[in-house]
Structures are given as structure tokens and as C-alpha cells.
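Quick notes on the structure that follows.
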Amino acid sequence: MPPEPPAEDTPAAIFAARPWRGLSDPGLEAALGVPSMLSPEETQLYFWLARDWSTGAGATIDLGAFAGGSAARLAAGHRAAARPTPVIAYDQFTADESVKQRLLYSAGIPPFAGNDILLLAHRLLTPWKPMVELRAGDIMEQTWSGDPVELLVIDAAKSATLADHIADQFFPALIPGRSIVVQQDFLHRVQPWLAVQMFLLADYFTPLARVPRDCMVFLCNRVPPPRALAAARTVGLDDAAMVRLVRRAARLYQPLAGRFWFANMVRKLRANPGERTAWRMWRE
């Protein structure tokens, strides 16, 4: 007998309906002027999460803000809801010349010298001040106060070490039954530690939606205690353990994500033994 569909007002049913698709709002249109690597549907998701899902019960954290595009979309959503929730955005706020050419100059930003884009991000986010706070620097060297977090958007877990640090710092501040975690690179073949991490924490997070191409959305149903976070650390797992856990994650998340992406993760792990940093995982 097939399982009964979820009740219409449950998080699973709400996200299954994908209400962010086709969303249009003047606030979102304004935010589109800030360069971003987000896809159109991811842009709509971020705005919808801030406008329609968030209640202001906690902060909105943007890990991996680049030039402020994701922070602008989140802040615009809060503003559209007349909710002064802060968006706290973390990044190194640097970009090399190739990234500047591909993502900034192509978006109409005039060419400039140097790799520092912090002042550019401040300028681009001026319409949403003082709702956005930029925290520049290495996330590995930063900590969280412990204040509640309602929306946690992660696009900075580019190594297993960073993924573990982010979980240790921010997951204990999540609100059970309310907080959303967006793993922007969850299905990316060069970041298999994310699938492993979330699989090891599957008792605490319910997958709600996949937004093409690599993004997965999770609901925190219980706050993972320190022992669970310690058991879910991906640093120190050998390649055999990583492959085994990626395959188990594939079975768990197949209803939302299929299996193709996880097979690619396995191939990357085998082609790059012992490697746990995304940019070094591109070798075939």
C-alpha cells in the first residue's frame, strides 16, 4: 500500500508544493541587481524562505556570501515581510581576476584592481542596510554566539574541515521544527563530505526539497547534541568509509535526489584518494 500523502500544512507538504517557483515580487527584482552564483530557482527559494517561511525566531546566516547576492535575496525577503531579521553574511570577500571577469564584470560591475571585494559587497548591499552584517575572514577562525538561528544557508563548506566546523558552530543554535538548513552544494560531486555529514545526522534533519542543481533543503527536527556532532565529523574518515557512507546516503536521499549525483561523488573519491578539499577534487 503506498504511503499516505503528508497533511497539507506540514513542512514536507509545504516544500513538496515548491511555492517559491515562479515567485515574483518587487523586492526580489531589486535584489537581482546584486551578482550571484545562484540559479533562478535558488534565488526564488532564498527570497521565499526569508519572506514566507521565516518568523523572526532567529537570525539568518549566509555562509559564503561572495559579493552579497545571496544576502541581498534573503534581506529582500525579510523586508518584503516587514520583518527586521538580521542577515549575517560570512565570506573571505575576495575574487581573483577570472572570477571577476565571469561573475562581476559580466554583471555590469566596472573593472577594478585587486582581489578584495568587501567594499564592493558593502556598496551593493546598501539598499538593505542595516539589515545585513558582513563578517569578513576565514570562517574556520570565526565562532557563533549561540543565539538562535532560523535560516542557515551554507555555501562555504568547501572542505571537510570547514563542514565539520560549521556544524559544530551553528547546528546547536538551530530551532527544532522551525530552522531550515540549505546545503547549497549538497549534491556537488567534489564535496562528498556534505552527503556523508547529513547522512550521519539523519536522525536530526529531515530532507524537504532538492533545488536543481546541487542544492538540498533540510528541516531541523531535533538539535544534534555534542556527541552526535562528534560522531558526524567527516575529517578523519578514510576513503573506504567515505564511499560506503556516500552509498548509504544515496539510498536515503534517492526519493528527492536520485542516485546519479552520489555515483559521481564515489568516482571523485576514487580518483582523488585522501583529498578533502573541493578545488583539489576536480582531478579525474
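The values are calculated or read from the model by the stated rules, or taken from the named source; none is laboratory data. All figures in this text were calculated on a predicted structure; none of them were measured in a lab. Cβ: placed from backbone, ideal geometry, glycine included. Neighbour counts: every protein chain shown. All accessible areas refer to the heavy atoms of the entire protein, side chains included, with ligands and DNA or RNA removed. Shrake-Rupley method; radii C 1.70, N 1.55, O 1.52, S 1.80 Å.
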- Looking for whichever is open to solvent by less than 50 Å² (accessible area, probe 1.4 Å) and more than 24 Å from Glu150 (Cα to Cα) here; the options are Ala95, Ala59, Ala107, Ala72. Which one fits? Ala95
- Task: Could you tell me whether Val217 is in contact with a helix residue (DSSP H, G or I) (Cβ under 8 Å, 6 or more places away or on another chain), within 24 Å of Val153 (Cα to Cα), in a loop (DSSP other than H, G, I, E, B) and β-branched (Val, Ile, Thr)?
- Result: no
- Listed by first then second residue, the pairs whose first member lies in the stretch 45-56 and is within 16 Å of Gly22 (Cα to Cα), whose partner is open to solvent by 40 Å² or more (accessible area, probe 1.4 Å), with beta carbons under 6 Å and at least 6 positions apart or on separate chains, are Arg51/Ala80
- Query: Does Asp155 fit the bill of being surrounded by 13 or more Cβ atoms within 10 Å (Cβ to Cβ) and closer than 16 Å to Ala65 by Cα?
  - Reply: yes
- Message: From the list Arg283, Arg259, Arg210, exactly one residue is under 29 Å from Ala13 (Cβ atoms), out of contact with any Leu (no Cβ under 9 Å at 6 or more places or on another chain) and open to solvent by 20 Å² or more (accessible area, probe 1.4 Å). Which is it?
- Response: Arg259
- Search result, residues across the stretch 267-280 that are hydrophobic (A, V, I, L, M, F, W, C) and either buried (at least 20 other Cβ atoms within 10 Å of the Cβ) or free of Cβ contacts under 8 Å to residues at least 24 places away in the same chain (or both): Leu269, Ala271, Ala278
- Which one is nearest to the chain's Cα centre (by Cα) among residues in the stretch 81-90 that are open to solvent by 30 Å² or more (accessible area, probe 1.4 Å) and at pLDDT 95 or above? Ala81
- Applying the selection to the stretch 107-127, what residues are in contact with a Leu (Cβ under 8 Å, 6 or more places away or on another chain), of a type in the set (A, V, I, L, M) and either farther than 17 Å from Met37 by Cα or assigned to a helix (DSSP H, G or I) (or both)? Leu118, Leu120, Ala121
- In the stretch 130-152, what count of residues is obtained for those that are in a loop (DSSP other than H, G, I, E, B) and open to solvent by 70 Å² or more (accessible area, probe 1.4 Å)? 4
- Query: Can you tell me which residues in the stretch 232-260 are in contact with a Pro (Cβ under 9 Å, 6 or more places away or on another chain), in contact (Cβ under 8 Å) with a residue 24 or more places away in the chain and either assigned to a helix (DSSP H, G or I) or among the aliphatic types (A, V, I, L, M) (or both)?
  - Reply: Ala232, Asp239, Met242, Val243, Leu245, Val246, Ala249, Leu252, Tyr253, Leu256, Ala257
- Since Arg51 meets every condition but one in (1) open to solvent by 10 Å² or more (accessible area, probe 1.4 Å); (2) in contact with a Gly (Cβ under 7 Å, 6 or more places away or on another chain); (3) in a loop (DSSP other than H, G, I, E, B); (4) not acidic (Asp, Glu), which condition does it not meet? (3)
